[in-house]
Structures are given as structure tokens and as C-alpha cells.
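Structure record follows, encoded as C-alpha cells.
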Amino acid sequence: MNLRADQLAAQLQRGLGPLYVVHGDEPLLVIEAADAIRAAARAAGISEREVIVTHQHFRWDEFGLAAGNLSLFGDRKLVDLRIPNGKPGKQGGEALVRLARELDPHAADLTLISLPQLDWTVRKAAWFVALSEAGCVVECNAPALDELPHWIAGRLAMQQQRASREGLEFIAAHVEGNLLAAHQEIQKLGLLFPAGELTPEQIEDCVLHVARYDTEKLRLALLEGDAPRCARLLEGLRGEGAAPPLVLWTLANEIRTLARVRSAVDAGQNLDAALKAERVFGPRQALCRRAAQRLKAGGLRAALVHAARIDRMIKGLAAGDIWDEFLQLSLRVRAR
């Protein structure tokens with residue numbers, strides 16, 4: 001069974017399973033999901049917990065013994081396995097497959113496995129597939145920017161507070177990419193103000209600018225043609241001391257890909273085939289498809305020339321404000 005983090009509570013209310021696997025790109029949600037499972041285990045009478053953290057020289061027979069041994073006092077037991085790097089290795093993979101195959105769906109004991117964000121290669125590994133088929137897998141990913149106001153509204157509701165759409169979007173813009181900080185800012189609103197409607201003034205006075213910016217968000221904003229978000233992200237990256245060569249590589253790499261796709265389409269190739277040839281897959285594919293349809297080959301070539309000029313500025317071979325040029329470059333790609 002595969003669940004999102006917000007579906008876990010309902011599943012736990014229906015009954016505790018023998019195996020849970022928690023993973024995702026957002027540490028706050030991973031921690032909260034694992035805490036909810038541990039709390040449900042305590043409520044179900046599982047009083048003993050054994051925590052096992054893997055490391056470079058970890059011996060997987062220790063996990064096998066922990067999973068197979070009865071509780072010292074005859075009580076039900078929770079085996080809390082944590083794999084920080086998400087890579088159990090050959091022996092670990094075999095141990096996890098064996099656990100999944102031998103799992104008794106009516107077992108009194110419980111196994112909780114915590115993992116970081118997993119890429120597609122790990123998701124296809126035999127051990128992860130076996131765990132997914134045998135137990136409950138909870139994926140804890142951070143909400144996208146357009147989903148963040150809804151997430152914030154839900155957290156405010158838990159402390160009997162609410163805010164207007166504008167207030168929710170203000171909070172979202174100031175905590176983007178930093179969900180732990182978002183959680184802290186929401187808790188702060190709960191401590192400072194009573195239950196009920198929060199005014200825009202209360203929100204603006206309280207919420208700090210704790211957004212964490214990265215070039216991945218900039219790349220997505222560029223593909224979406226979202227100029228205001230590009231401007232905000234570039235300002236944030238500049239304030240955080242991001243290296244201009246990395247920012248340029250992010251922008252130029254996407255523009256170069258779009259230029260090749262657009263040229264292939266103009267030459268008569270199918271758009272999906274052109275995207276596949278450029279190894280554009282997953283969620284990025286839909287963004288690139290819309291961008292390639294929106295932009296013209298000439299404009300993309302001009303953008304690449306602009307990127308080359310910025311490269312000369314970074315190398316000290318031309319004068320100019322590099323960060324202003326980054327913004328102008330992103331505006332070029334927005335053009336229709």
C-alpha cells in the first residue's frame with residue numbers, strides 16, 4: 001500500500017499494520033509520520049522499541065536478530081530501523097527482501113523503516129519493491145509552491161486559526177523551500193494570536209523571511225515562464241551567496257535543451273520524440289512541452305547568446321551587473 005503523508009492518520013485509525021516504510025524529501029514530514037506510527041504502536045500496546053541505525057560497517061545480521069527475537073519481557077515490540085543514506089547494500093537488500101517475504105500480516109510486532117528521499121533507481125530495487133508489496137509505504141514530499149497555501153491553511157486549522165487567501169500566499173512566499181521553518185512560523189502565530197481569523201497585518205508582522213532558495217526551483221520557474229518568481233528566486237540566491245557560474249549553468253542548460261527541442265519540432269519531428277531524445281522525463285516533461293510550444297527558436301537562440309555574454313561577465317571579460325543580467329535572461333524566456 002502506498003500513501004501520502006496526509007493519508008497516514010486515516011490508515012492508522014483503521015488498524016496498525018506489521019510493516020511501515022517512511023521516505024521522502026521533506027524531513028519534517030518524515031519525522032511526523034514516523035512519530036505518528038510510533039504513537040499508534042504505543043496506543044496498541046506495543047511497549048518495547050529497539051532502534052537500529054545503519055552505517056558504513058553495519059552488520060545486517062543485527063537487524064535479523066532484532067526482527068526475529070521475541071521481546072525480552074514477552075511484550076509486543078517495535079523494531080525502528082533507520083537507513084540514513086537510503087542504500088542498504090547487497091546484504092541489507094537481501095535482509096529486507098527476506099523480511100518482506102517472511103512477514104506475517106497478523107504479527108503482533110511492528111517494523112518501521114525510515115529512509116531519505118529515494119530516486120527512481122532505488123524505487124525499482126528488489127528490496128524496495130518487496131517492502132512496498134508487503135507493507136505500507138508512506139511518501140513524505142514537501143508540497144509544491146501552489147499547494148503550500150492549502151498545507152498552511154490545514155496547519156493553521158489545527159490550532160483553530162485561519163487566514164485569507166492573500167495571507168496564506170504571503171506566508172507561502174516567505175517560507176518556500178523550508179517546511180520546518182514554515183512549521184515554526186505557524187506555531188509562532190498560534191502562540192502570539194488567539195483562535196480565529198488572522199489579519200494581514202498580524203501575519204506580516206510575525207512571519208519572518210525564512211525561504212530557502214535553490215537552483216532547482218529557479219529552473220522550474222524558468223520553464224513555467226513565471227517572471228515574478230524568477231525575480232524572487234534570483235534575489236534570494238544572490239542574498240544567500242549562490243555562485244554565479246552555477247546559476248548560469250542552470251539557466252543556460254534549460255534554455256539549450258528548449259532550443260534543441262524547438263529546432264527539432266520546427267524540422268518536422270514529433271514533440272514527444274524530441275523531448276525523449278533530450279532525455280526529458282517525469283514532471284519536467286510537461287513543463288518543457290509547454291515551454292517549447294510557447295517559445296520560438298529565434299528567441300531561444302538569442303537567449304543563448306545572452307547567456308554567453310553573462311559567462312564573459314563572470315570571467316571578468318565584460319562589464320555589467322551579473323544578477324540583473326540573470327533577470328533579463330529569465331524575462332527573455334518568458335516572452336511569447
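Just so it is clear, none of the values below were taken in a lab; they were calculated from the coordinates. In this text, all values refer to a predicted model and were calculated from it rather than measured experimentally. Please note: Cβ atoms are built from the backbone with ideal geometry, for glycine as well, and neighbour counts cover all protein chains shown.
Miscellaneous remarks
- Least to most buried among L223, L3 (fewest other Cβ within 10 Å first): L3, L223
- Long-range amide H partners of E50 with built H, under 5 Å: L78, V79, D80
- Available extension along the chain between A267 and N2 is 91.1 nm, counting 0.36 nm per residue and deducting the alpha carbon span.
- Remark: the K124-E240 segment gains 38.1 nm on full extension, using 0.36 nm per residue and subtracting the alpha carbon distance.
- Cα long-axis angle, helix 322-334 against the chain (0 to 90 degrees, to the nearest 10): 90 degrees
- Order of S114, S47 - criterion: other Cβ atoms within 10 Å of each residue's Cβ, fewest first: S47, S114
- Sorted by Cβ neighbour density within 10 Å, fewest at the top, the residues M313, M1, M158: M158, M1, M313
- Rounded to the nearest Hz, the phi-derived 3J(HN,Hα) couplings of segment 97-108 under the Karplus curve 6.51 cos²θ - 1.76 cosθ + 1.60 (θ = phi - 60°) are 4, 4, 4, 5, 5, 8, 5, 8, x, 9, 5, 6, where x marks glycine and proline.
- Option label - mean projected area of the Cα convex hull in nm² computed here, alternatives [x] 17.1; [y] 21.8; [z] 18.7: [y]
- Distance between the C-alpha centres of segment 250-279 and segment 82-151: 35 Å, rounded to the whole angstrom.
- Here the Karplus curve 6.51 cos²θ - 1.76 cosθ + 1.60, taken at θ = phi - 60°, turns the phi angles of segment 274-285 into couplings of 5, 5, 5, 5, 8, 6, 9, 10, x, x, 5, 4 Hz, with x standing for Gly and Pro.
- Estimated from the Cβ-Cβ distance and a Förster radius of 25 angstrom, the FRET efficiency linking E102 and R82 is about 0.75.
- Extension gain for K315 to E48 (0.36 nm times residue separation, less C-alpha to C-alpha distance): 90.1 nm.
- Under 20 Å from the A286 label point (7 Å along Cα→beta-carbon), backbone N, segment 235-263: 258
- Each residue of segment 23-40 was assigned a 3J(HN,Hα) from its phi angle through the Karplus curve 6.51 cos²θ - 1.76 cosθ + 1.60 (θ = phi - 60°); the sequence is 8, x, 8, 10, x, 4, 5, 4, 4, 5, 5, 5, 4, 5, 5, 5, 5, 5 Hz, with glycine and proline shown as x.
- Alpha carbon centroid spacing (whole Å) that separates segment 1-57 from segment 280-336: 44 Å
- Secondary-structure-derived ellipticity at 222 nm for the chain, considering helices only, amounts to -18500 deg cm²/dmol, per-run term -39500 (n - 2.57) for DSSP H runs with n ≥ 4.
- Candidates A227, A125, A34: whichever shows maximal mean-square fluctuation once the chain is modelled as a Gaussian network with Cα springs under 10 Å: A125
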